[in-house]
1. Sort out which residues of the range 66-75 are assigned to a loop (DSSP other than H, G, I, E, B), touching a strand residue (DSSP E or B) at 6+ places or on another chain (Cβ under 9 Å) and either open to solvent by 40 Å² or more (accessible area, probe 1.4 Å) or of a type in the set (A, V, I, L, M, F, W, C) (or both), and write them in order of number.
2. If Ser84 satisfies all but one of (1) open to solvent by 30 Å² or more (accessible area, probe 1.4 Å); (2) assigned to a loop (DSSP other than H, G, I, E, B); (3) on the phi < 0 side of the Ramachandran plot, what's the number of the condition it fails?
3. Kindly establish whether Thr60 is among the polar types (S, T, N, Q) and in contact with a Leu (Cβ under 7 Å, 6 or more places away or on another chain).
4. Name the residues in the range 62-82 that are more than 12 Å from Ser21 (Cα to Cα) and over 15 Å from the mean Cα position of the chain (by Cα), would you?
5. Listed residues Val78, Val63; which is closer than 22 Å to Ile31 by Cα and buried (at least 21 other Cβ atoms within 10 Å of the Cβ)?
6. Which count do you get for residues in the range 11-65 that are closer than 20 Å to Ala97 by Cα and part of a strand (DSSP E or B)?
7. Restricting attention to the range 55-90, which residues are within 17 Å of Val113 (Cβ to Cβ) and among the small types (Gly, Ala, Ser)?
8. Given Asn96, Asn33, which one is in contact (Cβ under 8 Å) with a residue 40 or more places away in the chain, over 22 Å from Gln110 (Cβ atoms) and surrounded by 14 or more Cβ atoms within 10 Å (Cβ to Cβ)?
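The values are calculated or read from the model by the stated rules, or taken from the named source; none is laboratory data. Here the structure is a predicted model, which is why all the values come from computation and not from measurement. As a convention, Cβ positions derive from the backbone with ideal geometry for all residues, glycine included, and neighbour counts pool all protein chains shown. Just so you know, the surface numbers come from the protein's heavy atoms only, side chains and all, with ligands and any DNA or RNA stripped out. Shrake-Rupley method; radii C 1.70, N 1.55, O 1.52, S 1.80 Å.
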Amino acid sequence: QVQLVESGGGWVQPGGSLRLSCAASGIIFKIYNMGWYRQAPGKQRELVAVILKSGSTNYTDSVKGRFTISRDNAKNTVYLQMNSLKPDDTAIYYCNAAGRLFAYWGQGTQVTVSS
């Protein structure tokens, strides 16, 4: 059974930082491309950052220079370090594992940025 379990969300003031984690089980983690998506109220889910199995990364323009995605294949975990958070970053953040044939989603973790 595949499970992606996110943690690390919460409330933070503008300019603050949070680190999200996504622990995977039931997959051969190192062969999956891992991504973080987010969905704000009334908006479509969007890709925030992706880290390929090769280690290459890519970010949506609005988070470049502020967010960093990383992975630890030994721990089957992908991280999203979020700095200089803005109210517009408020959303539910979802972890995604994309393989050649299948993709899997976590249950999401809420991030709220407000003063």
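1. Residues of the range 66-75 that are assigned to a loop (DSSP other than H, G, I, E, B), as a first pass: 66, 73-75.
From the residues that got through so far, the ones that are touching a strand residue (DSSP E or B) at 6+ places or on another chain (Cβ under 9 Å) too are 66, 75.
Scanning the range 66-75 gives a single hit, Lys75.
2. (3)
3. Working: among the polar types (S, T, N, Q): yes; in contact with a Leu (Cβ under 7 Å, 6 or more places away or on another chain): yes.
The answer is yes for Thr60.
4. Those that are more than 12 Å from Ser21 (Cα to Cα) and over 15 Å from the mean Cα position of the chain (by Cα): Gly65, Asn73, Ala74.
5. On the way: Val63 fails: closer than 22 Å to Ile31 by Cα.
Testing whether each residue is closer than 22 Å to Ile31 by Cα and buried (at least 21 other Cβ atoms within 10 Å of the Cβ) leaves just Val78.
6. Residues in the range 11-65 being closer than 20 Å to Ala97 by Cα and part of a strand (DSSP E or B): 23 in total.
7. Scanning the range 55-90 gives Ser62, Gly65, Ser84.
8. Values: Asn96 fails: over 22 Å from Gln110 (Cβ atoms).
Of Asn96, Asn33, the one residue that is in contact (Cβ under 8 Å) with a residue 40 or more places away in the chain, over 22 Å from Gln110 (Cβ atoms) and surrounded by 14 or more Cβ atoms within 10 Å (Cβ to Cβ) is Asn33.
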